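Structure, as structure tokens:
The values are calculated or read from the model by the stated rules, or taken from the named source; none is laboratory data. From a predicted model like this one, the values you see are computed outputs, not experimental measurements. Cβ: placed from backbone, ideal geometry, glycine included. Neighbour counts: every protein chain shown. Heavy atoms of the whole protein, side chains included, go into the accessibility calculation; ligands, DNA and RNA do not. Shrake-Rupley method; radii C 1.70, N 1.55, O 1.52, S 1.80 Å.
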Amino acid sequence: FLRGGAAALGGAALALGGRSAWDAAQATEAPAAPPADADGRATVPFRGPHQAGVDTPPQSFAAFVALDLADGVDRDALIRLMGIWTDDVDRLAAGKAGLTDTEPELAQVPARLTVTLGYGPAVFTAAGLEDRRPSWLRPLPAFDVDRLEDRWNDGDLILQVCADDEVTVSHAVRLLVKEARTFTTVRWVQRGFRRAPGTTKPGTTMRNLMGQVDGTRNVDTGVDPGLVWHTDAAGGWLAGGTSMVVRRIAMNLDTWDELDRAGREQAVGRRLADGSPLTGTAEHDEPDLEAKGPNGLDVINPIAHIRRARTENAAERFLRRAYNYDDAPGPGELSASGLVFVTFQADVDRQFVPVQRKLDEADLLNIWTTPIGSAVFAVPPGARDGEYLGQALLE
Ligand code: HEM
């Protein structure tokens, strides 16, 4: 069969005008590595007290891969898997091929690759470490706005793979999933994107597919590290780690289209042009929630998204790191777009849930947005030199 196949390929090459054209094309593409100063060479350090990909300035492209553990995977097997993944991520983040990489050239463009690993509740059961499972590591409570579809829910493990290049993301996902095939099966994959590198000024807040400037008021871990990272003072295996909530939120862009610009700005409480609050002139101006218009009504609607999402309690804030998605529409639909809404916080129950509850009670945006997937993960601390990911939990 092999010989027959080779002959057939030879025939095809001949039919295309012989091998030389093919070989020449290959030669012009080599070497695969980009020049030393190319953006594709940029790296984000993998080793350290925290995993990368949490407070890393968001890269342009992301894949979120939830996996389920195979039957019989125990603590020893988890340690083996962590060893494999740690080695792979260490190499890929530095622009080097994985040990068993079958497409090593694709690793030569790290493009700020980060891989962030999280554990679902089943990891603790499989490892016999139920007593170390954080109390918030379980599905979120049900919210009235939810229309969850099981195909986007939960997962025993998650890999958040981000880079400024989509080929890099695909290659990393393929390698990591392939190497885990005896331990796991893929449960769901969600892909997301922001503006491509070089298309906007660095530091520009992203826009979502409703056209809004999204991410203006966010947590800065340099200023408030304790909102995101478990501190050493709190002790335990999660010191230096965090939690990750992944909500797939569909946008109904067809009904959003029926709304005029003023109505759209009312829904959020900020202007579409530059993200400035309706009571200010620049994106980062503090909104004045007391301001009244000439008619005596609140300038920022009582149920505008920023009023409802803003919390009186500063300890309830969390880091948002969302990506757009744009799937193929179903029959009769024009689009299937939304946000892969991702947050990081030290404690899901104390920070995320109270805010989501307020939005569930009243939020103008609820008219056009619907959560269709939900998952919660514990993100172990980073791997320092010589350590594997999750070592503080599993050793
Ligand atoms: C702010 C959009 C869902 C929490 C904002 C802003 C936009 C926005 C445009 C204003 C700019 C900014 O400060 O980032 C959206 C869209 C959503 C969505 C389109 C759904 C598709 C959520 C959810 C939560 C949330 C589910 C929390 C559970 C927040 C918070 C702020 C915010 C905390 C900052 C409020 C402030 O302190 O001013 N969102 N959002 N958002 N959103 Fe959302």
(request) Report, in debye and to the nearest 20, how large the dipole of the range 274-384 comes out about its Cα centre when Lys and Arg carry +1 and Asp and Glu carry -1 on their Cβ. (result) 380
(message) Keeping all protein chains in the complex and leaving out DNA, RNA and ligands, what accessible area do you get for Ser374 with a 1.4 Å probe, in Å² to the nearest 10?
(response) 10
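With every protein chain left in place, what is the accessible area per residue of the range 134-186 in square angstrom, probe 1.4 Å?
Using a 1.4 Å probe on heavy atoms only, each residue of the range 134-186 averages 46 Å².
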(request) May I ask for the angle, rounded to the nearest 10°, between helix 19-29 and the longest principal axis of the chain, with both axes built from Cα atoms and the value confined to 0 to 90°? (result) 50
(message) Could you work out the percent of alpha carbon pairs in the chain separated by over 38 Å, rounded to a whole number?
(response) 26
(request) Distance from a point 7 Å along Cα→Cβ of Glu290 to each backbone N in the range 297-335: keep the residues under 18 Å and list them by number. (result) 297-302, 307, 311-313
(message) Restricting to Cα pairs below 8 Å that are 6+ residues apart, what does the relative contact order work out to for the chain? Please round to a whole percent.
(response) 24
(request) Give the carbon-plus-sulfur fraction of the accessible surface of the chain in %, rounded to a whole number; probe 1.4 Å, heavy atoms of protein chains only. (result) 53
(message) Compute the angle between helix 166-179 and the longest alpha-carbon principal axis of the chain, please, reported from 0 to 90 degrees and rounded to the nearest 10.
(response) 70
(message) With a cut-off of 8 Å between alpha carbons and a minimum separation of six or more residues, what is the relative contact order of the range 163-310 in percent?
(response) 13
(message) With n ≥ 4 as the cut-off for DSSP H runs, can you work out [θ] at 222 nm for the chain, using -39500 (n - 2.57) per run divided by the number of residues, rounded to the nearest 500?
(response) -7000 deg cm²/dmol
(message) Distance between the C-alpha centers of the range 332-377 and the range 36-67? Whole Å please.
(response) 24
(request) Go through Ala142, Ala63, Val340 and say which Cα lies farthest out towards the positive end of the charge dipole of the chain; charges sit on Cβ, +1 for Lys and Arg, -1 for Asp and Glu. (result) Ala63
(message) Within 14 Å, Cβ to Cβ, of Leu129, how many net charges do the neighbouring residues add up to if Lys/Arg are +1 and Asp/Glu are -1?
(response) -3
